[in-house]
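To start, the structure under review is shown below, and the notes come after it.
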Amino acid sequence: MSTGEKFVQLLICIAVFFGVVALILLLTSRFRSRNGERLQFVAFVLPAIALIALGLLYPAINTIYQSFRDNTSSGFVGFDNYQTVFTNSEQIKVLRNTALWVALVPIVSTFVGLVYAVLVDRSRFEKFAKGLIFLPMAISLVGASIIWKFVYDYRDAENSQIGLANQVLKSLGFDTYQFLLTEPWNNLFLIVIMIWVQAGFAMTILSASIKAIPEDIVEAAKLDGVGGLRMFRYITVPSIRPSLIVVVTTISITTLKVFDIVRTATGGNFDTSVLAYEFYVQSFRSNNAGLGAALAVLIFVLVMPIVIYNVRQMRKLEAR
Amino acid sequence: MTAATDLPVEHVVAKQTASSQARQKLSSPWASLFAVVIAVLWTVPTAGLLISSFRPEDDVKSNGWWNIFTDPSFTWDNYDQVLNGTDTDLATYFVNSIVITIPSVIIPICLAVLAAYAFAWIKFPGRDFLFVAVFALQIVPIQVTMIPLLKLYVQPPFNLQPLAGGDAPGGGFYTIWLSHSIFALPLAIYLLHNFMSQIPGELIESARVDGAGHVQIFSRIMLPLMTPAIAAFGIFQFLWVWNDLLVALVFGGGSLDVSPLTVRLAELSGTRGQDWHLLSAGAFVSLVVPLVVFLSLQRYFVRGLLAGSVKG
């Protein structure tokens, strides 16, 4: 397809869509009666509900069903797929890596974001300083992985280095290091990428809630001689606790579904695969439909309690 | 209050210096150093790649980008090669990214605004239950939906026209457009509903008394008032779609015709992993659009972020 044809398709799609929406609005604009109002409700809501039912609800139920069937989706195998996830040595490594990601990324990026937000708060360069940390949020995870792969680039110690990390090692007198190939530490260096991306999110939310701490509390604490680290520990952190929980849970959810970084940086090789990546490999490369479905359901089960907790905290925050 | 005024003057002075000392401790050299270290760690990797994208191929491959300060040489060749070279051809994928993104942002927003209005202001039996159900579906990770949804596209029931495959309508873009729209809807409806229900009810009531129908209220009163909220969510959806890899990989089927930049870049990173002059330029070709959007509309972005627009 040529560029021109693509834009024609784009225009057709938008035109058809707006045609449908305009039709809904036109047809229902005359209704005033009670029954008319109900018809209006249906017309307004139906397109969205139909898409959600067809594209989210039905597929989710279907996947749960498939997770109990074999890899060609022809026979019923009970919990065999789940057993594979928890007993196969490769799959156990996937679980271990996922646990490592979910343990480290939320904690470290929230910590960095919080400390940075406190340090630059009300400083002269606050806006600029925040912008620096914030920027990675606009970058795709693929782009972020390429940026860091370049930092981690490996060459023999005798050669001149092009990767920053190994240049630092070399100038400190150490041997150069295969950051992305050496198991199991390569997982940590992939996790660094995610922390780098997520810290900006943590900083933005936490900075906003630090600014919302009532001035009189801070003043009162200052009059009592509280300052520095104790102010941070006893005033700042307790006052923004609800936001902290929202940030940690939100990042956990994102981390559980991390896919792009692993695929771009290592392709899941060298024992770096995680749940969401393994789901992709089993479903679309290895044609293990049953196992892939079981992995997807596992992500679902792990994410569910965190989302529910997250939403409850968010509502509490909004109610304040 | 009185206690403070009763205190001897020296006491107050002593206390004030104690507190200002404490404040100084927080902004001590160590604290500043820590902030600077974080800022540097968060900027240098990107700067290194940006600088490399402007260095000649031989330089990029033979020594580190920091040598630019002692031995400066710049070129546009990498960008020319990566955009127009026959083996990378990022210009084509750039067009694909644009073609994918525009409908994937417009469609879910329009549908969500309509639905959110109905959920907030039109009375209907079972309305609240339906809204909670939509909201609850946010917890479904997109991975769970992918295979059955793909099957629906390839072999739809009732002999409908398949949306994927060789002779699909729109060259196969419809699967990606639809998928992005579907995945965005629950969060979009929820957020826009939140904004909408904050608009005072008297405004709607008085408009209804004046004889305005829901369609007039929706288009004349709601839409203008909702512009900031729509902008906030729009930026999120834009960044999400532009930066997405998984949806494009699964529903685009990896065919050159419909793959966005991210898919191509991820592939280049695997097959041409050592061609850093191409990878660096390629990465920045894909970063430029979201960065411009992000920086120019940062205000709305932060507002959306604080309202909870984070999609997993």
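The values are calculated or read from the model by the stated rules, or taken from the named source; none is laboratory data. As the structure is a prediction and not an experimental result, all values here were calculated from the model. FYI the Cβ positions are ideal-geometry reconstructions off the backbone, even for glycines, and counts take in every protein chain you see.
A few notes on this one:
- Elements of type helices (runs of 4 or more DSSP H) in region B:88-154, at least 3 residues being at pLDDT 90 or above and hydrophobic (A, V, I, L, M, F, W, C): B:90-121
- Any hit, region B:295-309, residues being closer than 18 Å to B:ASN96 by Cα, modelled with pLDDT under 80, aliphatic (A, V, I, L, M) and not in a helix (DSSP H, G or I): no
- The set of residues in region A:80-110 that are surrounded by fewer than 20 Cβ atoms within 10 Å (Cβ to Cβ) and either within 11 Å of chain B (Cβ to nearest Cβ) or in contact with a Phe, Trp or Tyr (Cβ under 9 Å, 6 or more places away or on another chain) (or both) comprises A:ASP80, A:TYR82, A:ILE92, A:LEU95.
- Put simply, of B:THR175, B:THR145 the only residue that is more than 8 Å from every other protein chain (Cβ to nearest Cβ) and touching a Leu at 6+ places or on another chain (Cβ under 7 Å) is B:THR175.
- Where B:ALA91 falls short, out of the listed (1) closer than 30 Å to A:GLN161 by Cβ; (2) facing chain A (nearest Cβ under 10 Å); (3) not basic (Lys, Arg): (1)
Okay, residues lined up against (1) more than 7 Å from every other protein chain (Cβ to nearest Cβ); (2) surrounded by fewer than 19 Cβ atoms within 10 Å (Cβ to Cβ); (3) out of contact with any Gly (no Cβ under 9 Å at 6 or more places or on another chain):
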site: A:ARG124; (1), (2), (3): yes, yes, yes
site: A:ALA129; (1), (2), (3): no, no, yes
site: A:ALA144; (1), (2), (3): yes, no, yes
site: A:TRP148; (1), (2), (3): no, no, yes
site: A:TYR154; (1), (2), (3): yes, yes, no
site: A:GLN161; (1), (2), (3): no, no, no
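- Boolean, A:LEU190 is in contact (Cβ under 8 Å) with a residue 24 or more places away in the chain, within 9 Å of another protein chain (Cβ to nearest Cβ) and not polar (S, T, N, Q): no
- Which listed residue, of B:ILE221, B:ILE230, B:ILE235, is farther than 25 Å from B:GLN138 by Cα, among the β-branched types (Val, Ile, Thr), more than 9 Å from chain A (Cβ to nearest Cβ) and in contact with a helix residue (DSSP H, G or I) (Cβ under 9 Å, 6 or more places away or on another chain): B:ILE221
- Residue among A:ASP224, A:ASP271 that alone is charged (D, E, K, R), more than 30 Å from A:SER67 (Cβ to Cβ) and in the same structural domain as A:PHE111 (by TED's automatic domain parsing): A:ASP224
- Of all positions in region B:273-294, none carries a residue that is more than 10 Å from chain A (Cβ to nearest Cβ), under 22 Å from B:THR101 (Cα atoms), in contact with a helix residue (DSSP H, G or I) (Cβ under 7 Å, 6 or more places away or on another chain) and not in a helix (DSSP H, G or I).
- Hits in region A:235-271 (condition: more than 9 Å from every other protein chain (Cβ to nearest Cβ), over 24 Å from A:SER209 (Cβ atoms) and of a type in the set (Val, Ile, Thr)): A:VAL258, A:ILE261, A:VAL262, A:THR266
- Residues satisfying the criterion are absent from region B:216-226 (criterion: within 26 Å of A:ILE261 (Cβ to Cβ) and small (Gly, Ala, Ser)).
- For B:SER73, the criteria (1) buried (at least 16 other Cβ atoms within 10 Å of the Cβ); (2) away from chain A (no Cβ under 12 Å) hold in every case but one, which is (1).
- Subset of region A:125-139 (residues that are aromatic (Phe, Trp, Tyr) and within 9 Å of A:VAL197 (Cα to Cα)): A:PHE134
- Filter result for A:VAL281 (closer than 30 Å to B:PRO148 by Cα and touching a residue at least 60 places away in the same chain (Cβ under 8 Å)): no
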